[in-house]
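Read through the structure below, which is laid out as structure tokens, and then see the notes.
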Amino acid sequence: LVASLEQVDQTYIMIKPDGVQRGLVGEIISRFERKGFKLTGLKMFQCPAELAEEHYKDLSAKPFYPKLIDYITSGPVVCMAWEGVGVVASARKLIGSTDPLQAEPGTIRGDLAVQTGRNVIHGSDSPENGKREIALWFKEGELCEWTPAQAPWLR
Ligand code: RTP
């Protein structure tokens, strides 16, 4: 039981094109670093439509799906893999509600966004999807396993 509580998870975090265009990359990365999670993957990427469609395939029946694909492919995104105990749920808390007007102040969307269709950031919704999405967005060799020298508690 203790071992499962201590399980280290991975989450896929993506700064969407509006976050890049608005110059929020540093601000957003800082929030995850200061929280104490470990960055294991980071790249700028112009996402092709096929990848956006695969990433959001569970939403393909939604009326907003075509606009969502246009949005995600409208400019470069910043792809990130973050690792830590409880990182998936904690990242969702740091990010805030999908609708930025409902997101609490202090969260990324609560502080930095207004529209659901321009909500700055994505975060995986389960450890399983964290693994799936990291495998989808990163190639082998793009991820970096490392132990922070000054902070061994960041496993
Ligand atoms: P994400 O996957 O990006 O972290 O977002 P989420 O779980 O908070 O929200 P989800 O329901 O999975 O929707 C994915 C993204 O689609 C856009 N969206 N637009 N009514 C709309 O126009 C609408 N609803 C959702 C948002 O960009 C949302 O983050």
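Residue count for region 111-138 satisfying the condition of being more than 11 Å from the chain's Cα centre (by Cα), buried (at least 17 other Cβ atoms within 10 Å of the Cβ) and small (G, A, S): 1. Scanning region 32-77 for residues that are of a type in the set (G, A, S), within 17 Å of the chain's Cα centre (by Cα) and loosely packed, with under 15 Cβ neighbours inside 10 Å yields a count of 2. Looking only at residues in region 95-110 that are among the hydroxyl-bearing types (S, T, Y) and out of contact with any Asp or Glu (no Cβ under 8 Å at 6 or more places or on another chain), the one that is surrounded by the fewest Cβ atoms within 10 Å (Cβ to Cβ) is T98. Check whether at least one residue in region 139-154 is within 17 Å of V8 (Cβ to Cβ) and in a strand (DSSP E or B), and report yes or no. Within region 139-154 (the criterion being within 17 Å of V8 (Cβ to Cβ) and in a strand (DSSP E or B)), the answer is no, since none of the residues qualifies. Taken over region 121-140, the criterion of being farther than 15 Å from C47 by Cα and either acidic (D, E) or modelled with pLDDT under 95 (or both) is satisfied by D125, E128, E140.
The values are calculated or read from the model by the stated rules, or taken from the named source; none is laboratory data. Treat the numbers as computed from the prediction; the structure is a model and nothing was measured. Cβ: placed from backbone, ideal geometry, glycine included. Neighbour counts: every protein chain shown.
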